[in-house]
Amino acid sequence: MVLKQQADDDLEMMEKNGIIVTTLEKIWNWGRAHSFWPLSYGCNCCPIEMMAAGASRFDIARYGYEVFRASPRQADLLVVAGPITVKMAPAVQRIYEQMPSPKWVLAMGNCATSGGPFRDGYSVLPGADSLFKVDVFVPGCPPRPEALFHGLLELKQKVMGKK
Amino acid sequence: MLQTDQYIINIGPQHPSTHGGLHVEALMDGENVVDAIVHLGYVHRSIEKIAESRTYPQFVPYASRLDYLASHLPTLGYCQAVEKMMGIEVPERAEYLRVIMAEFSRISSHLIFIGSMAIDLGATTGLIYCLRDRERIMDMFEMTSGQRMIASYMRIGGIAEDVPETFYAAARSFLDDLPQMIDEYNGLITGNEILQCRIKGVGTLSAEDAIAYGVTGPNLRACGIDYDIRKAEPYGIYDRFEFDVPLGTKGDSWNRYIVRLEEIKESARIIEQALDALPQGDIRTKVPRVLKPESGWEIYHRIESSKGELGYYIVADGGNKPYRLHVRAPSFINLMVLPIISRGGKLQDIIANIATLDPVLGESDR
């Protein structure tokens, strides 16, 4: 107890003198959380809202997430925008596996969350989480760009270990 | 003679310029395209099957998810098809508001076309400017229906809500600013020499081929054929408006782009006339809670969507749900000419061809 108190006091003193003690992992995560590189993937209405989020009014660049990559090898965030159909599922699975770790998945819209309005159909999977782990779900049909930003900021908190 | 092996390049299904879920298998000889095979079905959401388990009014939101770039047009077509089958009259005010919304949808769809074509060919600026102006249309949709993009605003027998007072000012100011916007696009995109080199004389579609394949909409008019369902077989109140049908001459990608750019102006003309003539009155007729067309009734109704002839074929079986609902999706049929216009071109031309055919995959795969 006393030792911990001592250590905390030391850290505080060092911080006052401009020395930050941290782990490398924390610094990396800080960087990752502030500049996701999303993969430009999507197959329905939601990508149009994602495009709108990237355009001038909503301007995703304010958060540092504007570097949309065309290749999964360069991306670390998969925004599953739109329904995953039976025919598309192997392709999405492969895209996910091609992305280098660490990687995160954001399910955008009702279709990617649960199958949405097409859940009753014979060709749509009931959500992206039936293929891989999803970090953040953003409901909406389609979600507004603001909702997408909220989801990204939640993911940021998660990556930085605050949630 | 140098002998080269043919090889296959797969474009899509995950590719930024395939408009979501299109897969083109290009058979290449060096940089020349020998053949391009279109694989569809990556966005097949079984909408036609789902329609059989939904009542007639319940299908309206699904219809708007067919063509999400111009969401008012497919719902308009569906509602008019059911109204035609049931013999429902729509009030005057609703008809006018439907036209206004449908034409705004057409403008927003064409703005996305211009923007996505520009970004597919490497000009990000084009997208930014077009989406900037599209946001103003989205604002209008939001203030009338509460949804930005997929506004299920049309109802069987009329429309969902009357427009608020603020709508008129927003619509007028958009129309006032439109010529300036078009000037900006002309300066940034149309006049761009690189873009002209990329799409002029590329992907030429002959008028015979276009008719043989059943191509409709701006893609057909780019070949010089004067066929617009709003003129040829006016639905709703389209016979009351004065507008021209822009035509191309050669049917290449450049013509397809110019025709759409001109169509934006014509749509604006229609909206202006509709706003001037907008009468007061009801926005919806009294429609029975449960719609039950008699068994054996069937209807085919078609409208001029932003992509071409969008038709609904509905067969009733006496219940409150359709027995069969088929959508004649213009994007699906327009995409079928992609192989013939891509053959003999370069790999980069396939991207330009996909972009200027303007398919929306939600509609083509359904």
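Can you tell me which residues in segment B:297-325 are β-branched (Val, Ile, Thr) and open to solvent by 10 Å² or more (accessible area, probe 1.4 Å)?
In the first step, residues of segment B:297-325 are kept if they are β-branched (Val, Ile, Thr); the result is B:299, B:303, B:314-315.
Hits for segment B:297-325 are B:299, B:315.
Just the residues that are in contact with a Phe, Trp or Tyr (Cβ under 9 Å, 6 or more places away or on another chain), open to solvent by less than 30 Å² (accessible area, probe 1.4 Å) and outside any loop (DSSP other than H, G, I, E, B), please, taken from segment A:20-45. First the steps, then the outcome.
First pass over segment A:20-45, keeping only residues in contact with a Phe, Trp or Tyr (Cβ under 9 Å, 6 or more places away or on another chain): A:22, A:32, A:34-40, A:43-45.
So of that shortlist, the ones also open to solvent by less than 30 Å² (accessible area, probe 1.4 Å) come out as A:36, A:38-39, A:43-45.
If the condition is that a residue be in contact with a Phe, Trp or Tyr (Cβ under 9 Å, 6 or more places away or on another chain), open to solvent by less than 30 Å² (accessible area, probe 1.4 Å) and outside any loop (DSSP other than H, G, I, E, B), then A:38, A:39, A:45 are the ones that fit.
Identify, from the list B:225, B:229, the residue that is without any contact (Cβ under 8 Å) to a residue 40 or more places away in the chain, under 16 Å from residue B:330 (Cβ atoms), surrounded by 15 or more Cβ atoms within 10 Å (Cβ to Cβ) and not polar (S, T, N, Q). Full working, then the answer.
Numbers: B:229 fails: without any contact (Cβ under 8 Å) to a residue 40 or more places away in the chain.
Checking each option against the conditions leaves just B:225.
Working only within segment B:7-33, note down all residues that are of a type in the set (A, V, I, L, M, F, W, C), farther than 22 Å from residue B:67 by Cβ and in contact with a Leu (Cβ under 7 Å, 6 or more places away or on another chain).
If we filter segment B:7-33 for residues that are of a type in the set (A, V, I, L, M, F, W, C), which is where we start, we get B:8-9, B:11, B:22, B:24, B:26-28, B:33.
Remaining after also requiring farther than 22 Å from residue B:67 by Cβ: B:8-9, B:11, B:26-28, B:33.
B:8, B:9, B:26, B:28, B:33, listed by residue number.
Each row is one residue, and each column tells you yes or no for (1) without any contact (Cβ under 8 Å) to a residue 60 or more places away in the chain; (2) farther than 24 Å from residue B:366 by Cα; (3) out of contact with any Leu (no Cβ under 9 Å at 6 or more places or on another chain).
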site	(1), (2), (3)
B:292	yes, yes, yes
B:296	yes, yes, yes
B:301	no, no, yes
B:305	no, no, no
B:310	no, no, no
B:314	no, no, no
B:327	no, no, no
B:330	no, no, no
B:336	no, no, yes
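Looking at segment A:53-163, what helices (runs of 4 or more DSSP H) fall wholly within it and have at least 1 residues that are away from chain B (no Cβ under 13 Å), in contact with a Pro (Cβ under 7 Å, 6 or more places away or on another chain) and open to solvent by 20 Å² or more (accessible area, probe 1.4 Å)?
Values: elements: A:89-98, A:109-114, A:145-159.
Answer list for segment A:53-163: A:109-114.
Could you pull out every one of the helices (runs of 4 or more DSSP H) wholly within segment B:139-214 that has 2 or more residues that are open to solvent by 50 Å² or more (accessible area, probe 1.4 Å) and under 23 Å from residue B:268 (Cα atoms)? So that I can check it myself, show each step before the final result.
Details: elements: B:165-185, B:193-199, B:207-213.
It comes to B:165-185.
Do we find a residue being open to solvent by less than 10 Å² (accessible area, probe 1.4 Å), within 12 Å of chain A (Cβ to nearest Cβ), modelled with pLDDT under 90 and not in a loop (DSSP other than H, G, I, E, B) anywhere in segment B:102-110? Before the answer, list the steps.
Going residue by residue through segment B:102-110, those that are open to solvent by less than 10 Å² (accessible area, probe 1.4 Å) are B:102-110.
From what's left, within 12 Å of chain A (Cβ to nearest Cβ): B:108-109.
Adding the requirement that they be modelled with pLDDT under 90 leaves none.
No, there is no match, as no residue in segment B:102-110 is open to solvent by less than 10 Å² (accessible area, probe 1.4 Å), within 12 Å of chain A (Cβ to nearest Cβ), modelled with pLDDT under 90 and not in a loop (DSSP other than H, G, I, E, B).
Can you list the helices (runs of 4 or more DSSP H) lying wholly within segment B:326-366 that have 1 or more residues being open to solvent by 20 Å² or more (accessible area, probe 1.4 Å)? First the steps, then the outcome.
Working: elements: B:330-335, B:338-342, B:347-357, B:361-365.
Those helices (runs of 4 or more DSSP H) span B:330-335, B:338-342, B:347-357.
Quick one: is residue B:63 touching a helix residue (DSSP H, G or I) at 6+ places or on another chain (Cβ under 6 Å), closer than 21 Å to residue B:299 by Cβ and part of a helix (DSSP H, G or I)? First the steps, then the outcome.
Values: touching a helix residue (DSSP H, G or I) at 6+ places or on another chain (Cβ under 6 Å): yes; closer than 21 Å to residue B:299 by Cβ: yes; part of a helix (DSSP H, G or I): yes.
Spelling it out, residue B:63 is indeed touching a helix residue (DSSP H, G or I) at 6+ places or on another chain (Cβ under 6 Å), closer than 21 Å to residue B:299 by Cβ and part of a helix (DSSP H, G or I).
The values are calculated or read from the model by the stated rules, or taken from the named source; none is laboratory data. It should be emphasised that the depicted structure is a prediction, and the values quoted were computed from it without experimental measurement. Backbone-built Cβ (ideal geometry, glycine too); neighbour counts: all protein chains shown. Just so you know, the surface numbers come from the protein's heavy atoms only, side chains and all, with ligands and any DNA or RNA stripped out. Shrake-Rupley method; radii C 1.70, N 1.55, O 1.52, S 1.80 Å.
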